[in-house]
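Notes to accompany the following structure.
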Amino acid sequence: MMDHLEIFKALSNKTRLEILNWLKEPEASFPEQDFFDHGVCVGQIQQKAGLTQSTISEYLSILQRAGLVTSTRVGQWTYYQRNEEAFKALSQVIQSEI
């Protein structure tokens, strides 16, 4: 069961919304990255957002706790992807409950 309040809190920040939008089309949003098997490297997201790594890490953590993104650790790097199933479920909630 999704925590709707947690999701809407996560969506209430412009940069977090931008991150989700970038992750929707990672190849177009992050042309510097060569492969997207595991998602987008946190460093690429930080560079594009122009914010500190600690701020971006906190934003990604909020998005992950809300279930909107997933992360994969590869060596010392962490990669993030949108959780498309969560967006489908959220769409259903908005259509049926709100």
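The values are calculated or read from the model by the stated rules, or taken from the named source; none is laboratory data. None of the values given here were measured: they were computed from a predicted structure. Counting neighbours? That spans all protein chains shown, and the Cβs are built from the backbone with ideal geometry, glycine included.
Worth pointing out:
- All positions within segment 62-83 that are among the charged types (D, E, K, R) and in a strand (DSSP E or B): ARG73, ARG82
- Subset of segment 44-55 [in contact with a helix residue (DSSP H, G or I) (Cβ under 8 Å, 6 or more places away or on another chain), surrounded by 14 or more Cβ atoms within 10 Å (Cβ to Cβ) and either in a helix (DSSP H, G or I) or on the phi > 0 side of the Ramachandran plot (or both)]: ILE45, GLN46, LYS48, ALA49
- Qualifying residue in segment 72-88 (condition: of a type in the set (Gly, Ala, Ser), in contact (Cβ under 8 Å) with a residue 40 or more places away in the chain and in contact with a helix residue (DSSP H, G or I) (Cβ under 9 Å, 6 or more places away or on another chain)): yes
- Scanning segment 59-69 finds no residues that are buried (at least 18 other Cβ atoms within 10 Å of the Cβ) and free of Cβ contacts under 8 Å to residues at least 12 places away in the same chain.
- Every listed requirement among (1) over 18 Å from LYS14 (Cα atoms); (2) modelled with pLDDT under 95 is met by SER71 save one, (2).
- Boolean, GLN33 is under 16 Å from SER71 (Cβ atoms) and surrounded by fewer than 18 Cβ atoms within 10 Å (Cβ to Cβ): yes
- Segment 27-43, residues that are touching a helix residue (DSSP H, G or I) at 6+ places or on another chain (Cβ under 9 Å) and not charged (D, E, K, R): ALA28, SER29, PHE30, GLN33, PHE36, GLY39, VAL40, VAL42, GLY43
- Residue among HIS38, HIS4 that alone is touching a Leu at 6+ places or on another chain (Cβ under 9 Å) and surrounded by 12 or more Cβ atoms within 10 Å (Cβ to Cβ): HIS4
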